[in-house]
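Presented below is the structure to which this report refers.
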Amino acid sequence: MEGNLITLDNGLIVSVDWLSFTVTSTADVVDVLDMFGYVMDDFTRMPKGARGYKTMFRLNGYSLSVLCDGNSDMGIHVDVAGSAIGEFVRSFSETLKVNTPFGEGYDIDFDSTFMVALLERIRDNGHVTRIDVAIDDIGCNYFTTDDVCGLYGNAQIVSKFRNMRNVVESEVSGRKTGHTVYFGSRTSDIFLRVYDKQLERNRKLSVSGTHIDNSWVRWELELKNDRAVSVSKMLTSGIPLGAVAVGVLGHYMRMVELDDINRSRCTTYPVWADFMDGISSLKITVPKYEKTMDEKKTWIKRQVMPTLAAVILSDGGSLEFVEDNLENGLNRMNKSLYKMAMGELGS
């Protein structure tokens, strides 16, 4: 019922491994905490804020932070790391409890999950800014990180990602301690990392002298901004988490047999077909966004005005420079900008 971790028929385990969102329906941090089942005593105030917010609160014992006291249009921002997702869903589920004639129950649709209900509450009060979905191959039944590199080097990966980066970490002795294959740019709105989770875990556990014996590869999609919102909409529309995670991955990547001169027509690599488990690729639809005149003015105030003020100051307060260049600006204006200006004039 939680909905944040499921096992597919082919043995792959899919989970939500990061969730960031901004609440804009209220500026009161107490109200936001209550919205997700918490009180202020559950949190510790940190010495400083981050990302333009003056104040940060951290959930005691978990990697969950709440940022507030930013500009009036920044809302209240919440970051939930993978290790805290389960706790966050549990706490939120407490807000759904109701008393029924048959005892205690939850105010949730029969075919829904707590994760979907959580995303719906975020949608109704703000928006998702980042969501990571992880596909775990425990036992490494499909691909090792070396397999992925080999297939890429052999031109058997057809991908919408423009670049790939292979990072291998090791000790001076030569013992391998990490291996991650990155697809895409970390700064873009979609990013894929395929990494050896066994090596990562054992590196962290080495301090305690323990280790895990099972091979384990994780495929992790990091989605931000409009793509995160789009994936959230897929989940709240009823598409299962597994179908979303594997389907989106399948849209951005396919492994093939080199049996056609045109790689887009090559047949699917059999192991990749097993990995996809019959799940169809899912295209992320991002709405075309057109800036408003108010946003143009805001950009001018932030980016242009300091320089323009310096020019006017150096000219003794004269606006001659602006007046002389207005006609040139009008002549260089494109059709969409002209249409926007005329629309504002007529409104």
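The values are calculated or read from the model by the stated rules, or taken from the named source; none is laboratory data. Quick caveat: nothing in here was measured; it's all calculated off a predicted structure. Glycine also receives a Cβ, built like all others from the backbone with ideal geometry; neighbour counts cover every protein chain displayed.
General observations
- If you go through the stretch 257-271 and pick out every residue that is among the hydrophobic types (A, V, I, L, M, F, W, C) and either free of Cβ contacts under 8 Å to residues at least 24 places away in the same chain or in contact with a helix residue (DSSP H, G or I) (Cβ under 6 Å, 6 or more places away or on another chain) (or both), you end up with 1.
- All of Arg58, Arg51 fail the test of being of a type in the set (Lys, Arg) and touching a His at 6+ places or on another chain (Cβ under 9 Å), apart from Arg51.
- None of Ile13, Ile6 is in contact (Cβ under 8 Å) with a residue 40 or more places away in the chain and in contact with a Ser or Thr (Cβ under 7 Å, 6 or more places away or on another chain) except Ile13.
- Test: residue in the stretch 22-45 that is modelled with pLDDT of 95 or more, out of contact with any helix residue (DSSP H, G or I) (no Cβ under 8 Å at 6 or more places or on another chain) and aromatic (Phe, Trp, Tyr): no
- Per-region count, the stretch 230-265, residues in a helix (DSSP H, G or I), of a type in the set (Val, Ile, Thr) and modelled with pLDDT of 95 or more: 4
- Within the stretch 179-209, being assigned to a loop (DSSP other than H, G, I, E, B) and more than 23 Å from the chain's Cα centre (by Cα) holds for Ser206, Val207, Ser208, Gly209.
- Of the listed requirements (1) exposed (fewer than 12 other Cβ atoms within 10 Å of the Cβ); (2) not in a helix (DSSP H, G or I), Ile284 misses just one: (1).
- Looking only at the stretch 308-347, residues that are outside any helix (DSSP H, G or I) and either of a type in the set (A, V, I, L, M, F, W, C) or within 14 Å of Thr292 (Cα to Cα) (or both) come to 3 in all.
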